[in-house]
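Enquirer: Next up is a structure, given as C-alpha coordinates.
The values are calculated or read from the model by the stated rules, or taken from the named source; none is laboratory data. Since the structure is predicted, the reported quantities are computational estimates derived from the model, not experimental observations. Because the Cβ atoms are built from the backbone with ideal geometry, glycine has one as well, and the counts that use them run over all protein chains shown.
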Amino acid sequence: MSRLVFGNCVFDRERRELTRRGSPVHAGPKSLLLLKLLMDSRPRALTKEEIHKRLWPDTFVSDATLTSLVAELRAAVGDDARAPELIRTLYGDGYAFCGEIEADASRSPDPRLGRSFRVILGDREISLGRGAHLLGRANKAAIFVDDTGVSRHHARITIDEHGAKLEDLGGVG
(Lines give C-alpha, C1' and ligand atoms only; values in the text may rest on other atoms or scores of the structure.)
Protein backbone atom coordinates (compact mmCIF):
# COMPACT_ATOMS: atom_id res chain seq x y z
CA MET A 1 0.00 0.00 0.00
CA SER A 2 1.97 2.93 -1.26
CA ARG A 3 -0.91 5.44 -1.50
CA LEU A 4 -3.17 5.76 1.52
CA VAL A 5 -6.40 7.76 1.58
CA PHE A 6 -7.75 9.28 4.80
CA GLY A 7 -10.04 12.24 5.41
CA ASN A 8 -9.45 14.67 2.52
CA CYS A 9 -5.86 13.50 2.12
CA VAL A 10 -3.76 11.08 0.10
CA PHE A 11 -0.35 10.10 1.46
CA ASP A 12 2.06 8.52 -0.99
CA ARG A 13 4.54 6.74 1.26
CA GLU A 14 7.06 5.95 -1.49
CA ARG A 15 7.19 9.49 -2.84
CA ARG A 16 6.79 11.04 0.62
CA GLU A 17 4.07 13.33 -0.71
CA LEU A 18 0.90 14.45 0.96
CA THR A 19 -2.06 15.98 -0.88
CA ARG A 20 -5.22 17.44 0.63
CA ARG A 21 -8.31 17.95 -1.52
CA GLY A 22 -6.10 17.17 -4.52
CA SER A 23 -3.55 19.91 -3.82
CA PRO A 24 -0.01 19.31 -2.58
CA VAL A 25 0.64 20.00 1.09
CA HIS A 26 4.07 21.24 2.03
CA ALA A 27 4.93 19.20 5.11
CA GLY A 28 8.42 18.71 6.46
CA PRO A 29 10.17 15.34 6.38
CA LYS A 30 9.73 14.84 10.15
CA SER A 31 5.99 15.51 9.85
CA LEU A 32 5.67 12.93 7.09
CA LEU A 33 7.75 10.43 9.07
CA LEU A 34 5.51 10.99 12.09
CA LEU A 35 2.44 10.46 9.90
CA LYS A 36 3.92 7.21 8.59
CA LEU A 37 4.77 6.01 12.12
CA LEU A 38 1.29 6.75 13.43
CA MET A 39 -0.42 5.13 10.45
CA ASP A 40 1.79 2.03 10.62
CA SER A 41 1.01 1.60 14.34
CA ARG A 42 -2.74 2.12 13.95
CA PRO A 43 -4.84 1.47 16.00
CA ARG A 44 -2.18 1.24 18.72
CA ALA A 45 -1.01 4.51 20.21
CA LEU A 46 2.68 5.33 20.27
CA THR A 47 4.18 6.67 23.47
CA LYS A 48 6.15 9.90 23.36
CA GLU A 49 9.25 7.84 24.15
CA GLU A 50 8.67 5.54 21.16
CA ILE A 51 8.18 8.52 18.85
CA HIS A 52 11.31 10.26 20.17
CA LYS A 53 13.41 7.13 19.59
CA ARG A 54 12.19 6.78 15.99
CA LEU A 55 12.31 10.45 14.95
CA TRP A 56 15.35 11.63 16.86
CA PRO A 57 17.55 8.62 17.66
CA ASP A 58 20.55 9.42 19.85
CA THR A 59 19.45 13.07 20.14
CA PHE A 60 17.70 14.78 23.03
CA VAL A 61 14.70 16.90 22.10
CA SER A 62 12.08 18.27 24.44
CA ASP A 63 8.45 17.24 24.51
CA ALA A 64 7.67 20.74 23.22
CA THR A 65 9.42 19.83 19.94
CA LEU A 66 7.16 16.79 19.54
CA THR A 67 4.09 18.86 20.44
CA SER A 68 5.02 21.40 17.74
CA LEU A 69 5.57 18.62 15.21
CA VAL A 70 2.14 17.12 15.97
CA ALA A 71 0.56 20.58 15.56
CA GLU A 72 2.33 20.95 12.18
CA LEU A 73 1.07 17.52 11.09
CA ARG A 74 -2.49 18.31 12.21
CA ALA A 75 -2.42 21.55 10.21
CA ALA A 76 -1.13 19.67 7.15
CA VAL A 77 -3.93 17.07 7.25
CA GLY A 78 -6.65 19.49 8.36
CA ASP A 79 -7.28 17.95 11.78
CA ASP A 80 -8.33 19.80 14.93
CA ALA A 81 -6.79 18.89 18.30
CA ARG A 82 -10.04 19.84 20.09
CA ALA A 83 -12.17 17.54 17.91
CA PRO A 84 -9.70 15.05 16.43
CA GLU A 85 -10.78 12.90 13.53
CA LEU A 86 -7.30 11.74 12.47
CA ILE A 87 -4.71 12.25 15.23
CA ARG A 88 -5.71 11.56 18.82
CA THR A 89 -3.71 12.79 21.83
CA LEU A 90 -3.28 10.51 24.81
CA TYR A 91 -2.55 13.26 27.33
CA GLY A 92 0.78 12.77 29.04
CA ASP A 93 1.42 9.55 27.14
CA GLY A 94 1.49 9.80 23.34
CA TYR A 95 -0.45 9.92 20.08
CA ALA A 96 -2.48 7.64 17.83
CA PHE A 97 -3.82 7.77 14.29
CA CYS A 98 -7.59 7.34 14.69
CA GLY A 99 -8.84 7.99 11.15
CA GLU A 100 -10.07 5.47 8.62
CA ILE A 101 -7.47 4.50 6.01
CA GLU A 102 -8.04 2.95 2.61
CA ALA A 103 -5.54 1.84 0.00
CA ASP A 104 -5.65 3.94 -3.15
CA ALA A 105 -4.30 2.87 -6.47
CA SER A 106 -6.45 4.88 -8.81
CA ARG A 107 -8.71 7.35 -7.01
CA SER A 108 -8.87 10.73 -8.76
CA PRO A 109 -7.93 13.68 -6.54
CA ASP A 110 -11.16 15.41 -7.60
CA PRO A 111 -13.95 12.92 -8.35
CA ARG A 112 -16.02 15.65 -10.07
CA LEU A 113 -13.43 15.71 -12.85
CA GLY A 114 -13.41 11.96 -13.35
CA ARG A 115 -9.69 12.12 -14.11
CA SER A 116 -6.55 13.11 -12.32
CA PHE A 117 -3.89 15.61 -13.25
CA ARG A 118 -0.26 15.26 -12.25
CA VAL A 119 3.04 16.95 -12.92
CA ILE A 120 6.10 14.73 -12.95
CA LEU A 121 9.24 16.59 -11.93
CA GLY A 122 12.31 14.40 -11.60
CA ASP A 123 11.36 11.62 -9.21
CA ARG A 124 8.39 13.56 -7.79
CA GLU A 125 4.81 13.13 -8.93
CA ILE A 126 2.62 16.04 -7.87
CA SER A 127 -1.17 15.65 -7.97
CA LEU A 128 -3.15 18.73 -8.93
CA GLY A 129 -6.73 19.45 -7.92
CA ARG A 130 -9.11 22.16 -9.14
CA GLY A 131 -7.80 25.69 -9.14
CA ALA A 132 -4.64 27.55 -10.12
CA HIS A 133 -1.20 26.14 -9.31
CA LEU A 134 1.91 28.32 -9.55
CA LEU A 135 5.04 26.71 -10.98
CA GLY A 136 8.39 28.34 -10.24
CA ARG A 137 11.03 29.14 -7.64
CA ALA A 138 8.78 31.26 -5.35
CA ASN A 139 8.42 29.91 -1.82
CA LYS A 140 4.65 29.76 -2.21
CA ALA A 141 4.74 27.93 -5.54
CA ALA A 142 2.60 24.79 -5.50
CA ILE A 143 5.14 23.21 -7.85
CA PHE A 144 8.55 24.34 -6.64
CA VAL A 145 11.32 24.03 -9.23
CA ASP A 146 14.80 24.60 -7.82
CA ASP A 147 16.59 25.60 -11.03
CA THR A 148 18.14 28.99 -11.82
CA GLY A 149 16.73 28.75 -15.36
CA VAL A 150 13.20 28.86 -13.92
CA SER A 151 11.78 32.20 -12.76
CA ARG A 152 9.99 32.67 -9.44
CA HIS A 153 6.58 32.84 -11.17
CA HIS A 154 7.29 30.78 -14.28
CA ALA A 155 3.92 29.31 -15.23
CA ARG A 156 0.42 28.65 -13.95
CA ILE A 157 -1.50 25.42 -14.36
CA THR A 158 -5.24 25.82 -13.94
CA ILE A 159 -7.50 22.80 -13.47
CA ASP A 160 -11.24 23.21 -14.04
CA GLU A 161 -14.20 21.22 -15.37
CA HIS A 162 -12.77 21.50 -18.89
CA GLY A 163 -9.37 20.07 -18.04
CA ALA A 164 -5.88 21.51 -17.53
CA LYS A 165 -4.56 24.77 -18.97
CA LEU A 166 -0.89 25.81 -18.92
CA GLU A 167 -0.18 29.55 -18.96
CA ASP A 168 3.33 30.98 -19.45
CA LEU A 169 3.77 33.87 -17.03
CA GLY A 170 6.59 35.37 -19.07
CA GLY A 171 9.32 34.79 -16.52
CA VAL A 172 7.97 37.29 -13.98
CA GLY A 173 10.29 37.50 -10.96
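Enquirer: If I ask for residues that are farther than 22 Å from G7 by Cα and within 22 Å of the chain's Cα centre (by Cα), which ones from the stretch 43-63 would you list?
Expert: Passing the criteria: I51, H52, R54, L55, W56.
Enquirer: For the stretch 20-48, how many residues are within 11 Å of V77 (Cα to Cα) and either among the small types (G, A, S) or modelled with pLDDT of 90 or more (or both)?
Expert: 4
Enquirer: Are there any pairs with C-beta distances below 6 angstrom linking a residue in the stretch 157-171 that is without any contact (Cβ under 8 Å) to a residue 40 or more places away in the chain to a residue that is assigned to a strand (DSSP E or B) and among the polar types (S, T, N, Q), with the two at least 6 apart or on different chains, and if so which?
Expert: What qualifies is K165/T158.
Enquirer: So which strands (runs of 3 or more DSSP E) are wholly in the stretch 1-107 and hold at least 3 residues that are over 30 Å from H133 (Cβ atoms) and in contact (Cβ under 8 Å) with a residue 24 or more places away in the chain?
Expert: 94-97
Conditions tested, residue by residue: (1) surrounded by 11 or more Cβ atoms within 10 Å (Cβ to Cβ); (2) aliphatic (A, V, I, L, M); (3) touching a helix residue (DSSP H, G or I) at 6+ places or on another chain (Cβ under 9 Å).
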{"residue": "R42", "(1), (2), (3)": "yes, no, no"}
{"residue": "L46", "(1), (2), (3)": "yes, yes, yes"}
{"residue": "E49", "(1), (2), (3)": "no, no, no"}
{"residue": "W56", "(1), (2), (3)": "yes, no, yes"}
{"residue": "V61", "(1), (2), (3)": "yes, yes, yes"}
{"residue": "V70", "(1), (2), (3)": "yes, yes, yes"}
{"residue": "G78", "(1), (2), (3)": "yes, no, no"}
